[in-house]
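**Q** Structure below; questions to follow.
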Amino acid sequence: METIYELGAEGRHGVTVPRPEDAERALSHVPEALRRRRRAKLPEVSQPELVRHYTSLSRLNHGVDTGFYPLGSCTMKHNPRFNEDAARLPGLTALHPALPDEETQGALSILWELAEHLKGVAGMPGITLQPAAGAHGELTGMLLMKRHFESIGEMERRTKVLLPDSAHGTNPASAAMVGLEVVSLPSNAHGTVDLEALAAALGEDVAGIMLTVPNTLGLFEPDILEITHRVHDVGGLCYFDGANLNAFVGRARPGDMGADIFHFNLHKTFSTPHGGGGPGAGPLAVSSVLEPYLPVPQIVKRNDSFALETDRPDSIGRVHPYHGNFLVSVRALAYILSLGDAGLREVSSGAVLAANYLRTKLESAYKLPYPGLCKHEFVLSGEGLGEVRTLDIAKRLMDYGIHPPTVYFPLIVKEALMIEPTETEPKEILDAFVEAMLRIADEARQQPELLKAAPHRTPVRRVDEAKAAREPILRRPPN
Ligand SMILES: Cc1ncc(COP(=O)(O)O)c(C=O)c1O
């Protein structure tokens, strides 16, 4: 498809912006060195051309609004339009973040109220809304962990962070970014933390553990309390990665399981849109021992008004301008309030039910390396289907109008296919997915070539992903 630069004709435009009378005078104030030497090369298209171009582009894409999107570890659920309406209220969108507190009481009350709800969900007393994504929350959490050990004089010897080998890649990256050494814990035969390996790795050089709950196989750690007790016993802290909160929101609280730090992905569990690069939000809840180090400003309620507290000498400082991605917070609060406590509990039960429904329908046709009840997602393997690979299965799903699941992750499953249906899909869609997967399993045996060349019915056929990653062309060639 053409780019917009290849459309239109010289002098064509979509809207006519009147030139202000004093344009020349205003220009005379721009220093000579900063003036534009030649006309910017902008697309020159009429309004219908513009609208058609972007509408056509949007139709080439597959999104959660156009079809099923069972992307494991990503919780691609429906984004209720009520949240969008709330986030588009002019009083919120037109608000400048630098306005004084007295003039932003409404916005501060929204942030404060969201923070209170999230503290309740986590069962933890402290929070910051600043981090812009899950990985940013992890980094902030690691900075808090480090600051804690610095302030009690133990940072010199606490050099290690323990991480199960099923961890999401951002976890070790976040620990390494603050200079901690990552020690990988092998999973046991059930795909959960091996307590013997944990015991062998624990010592006074351990700053903490990072656990994804439930883990990236969709399995809840049956020994979670034992794990957190043991880490606390050696003076370490427990970080819980909350990207998978959809599995237990409203039913269990990380604070009750021994978490000291817990990040939310508002763009997953709390339904704010994601994909395509953001913006998201990764608020971080902490236990009382870490509260003094939280980023500033903290939003506090005094009598009936809200204020920004910056005088916190032990704080790690800011991790984001102002209060993070404000309109993402607005959407999340709208979602929480519209569902209520009972609704949030239904979210997790629906997500777990849908995942187990799919698991039981597919486990006879595909290998399931870690069998048994899962939480909100499960991981199949594409092994054993003749000469086709997981990538071929994923590409073929696109021909059936379904977004491929996450593939080749977690790393401990060969040829992994990680499936997360979420609670927002009706049974008919789940059944259509099952039918497509079963057909693909048959095709894999009878027509492997068909799968290897898939997709066949998409606007773009199979791309060379390694080349795209290694030699990206990020600019259109100059004309
Ligand atoms: C288990 C897990 N942890 C952390 C993250 C990082 O979250 P974000 O993409 O918001 O940075 C993800 C994202 O997919 C995840 O699945």
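**Q** Which whole-number percentage describes the relative contact order of the chain, with Cα contacts under 8 Å and a sequence gap of 6 or more?
**A** Once normalised by length, the contact order is 18 percent.
**Q** Quick one: putting +1 on the C-beta of Lys and Arg, -1 on the C-beta of Asp and Glu, what dipole do you get for the stretch 382-443 around its Cα centre, in Debye to the nearest 20?
**A** Values: 6 positive and 13 negative charges, 43 e Å.
Magnitude of the dipole: close to 200 debye.
**Q** Right, next: Could you tally the net charge around PRO186, taking each other residue with its Cβ under 13 Å from the Cβ of PRO186, Lys/Arg +1 and Asp/Glu -1?
**A** -3
**Q** Where does each of SER151, SER381 land when they are ranked from fewest to most other beta-carbon atoms within 10 angstrom?
**A** Values: SER151 12, SER381 17.
Ranking SER151, SER381 by Cβ neighbours within 10 Å, fewest first, gives SER151, SER381.
**Q** Determine the calculated [θ] at 222 nm for the chain from helices alone, applying -39500 (n - 2.57) to every DSSP H run no shorter than 4 residues and normalising by the residue count; nearest 500 deg cm²/dmol.
**A** Details: 15 runs with 174 residues, N = 479.
Value at 222 nm, helices only: -11000 deg cm²/dmol.
**Q** Measuring from centroid to centroid over Cα atoms, what is the spacing of the stretch 253-331 and the stretch 400-479 in Å?
**A** 35 Å
**Q** Once the other residues with Cβ under 12 Å from the Cβ of SER174 are scored (Lys, Arg +1; Asp, Glu -1), what is the net sum?
**A** Taking every Cβ under 12 Å from that of SER174, the sum is -1.
**Q** For THR140, THR228, which order do you get if you count the other beta carbons within 10 Å of each Cβ and list the fewest first? Working shown, then result.
**A** Values: THR140 28, THR228 22.
Neighbour counts put them in this order, fewest first: THR228, THR140.
**Q** Leaving out same-chain residues fewer than 8 places away, which lysines sit with a Cα under 25 Å from that of LYS414?
**A** Within the straight-line cut-off, LYS414 pairs with LYS361, LYS367, LYS375, LYS395, LYS452, LYS467.
The numbers here are math on the coordinates, done by the rules we state, and not lab data. Note that the structure is a prediction, hence the values are computed from the model and not measured. FYI the Cβ positions are ideal-geometry reconstructions off the backbone, even for glycines, and counts take in every protein chain you see.
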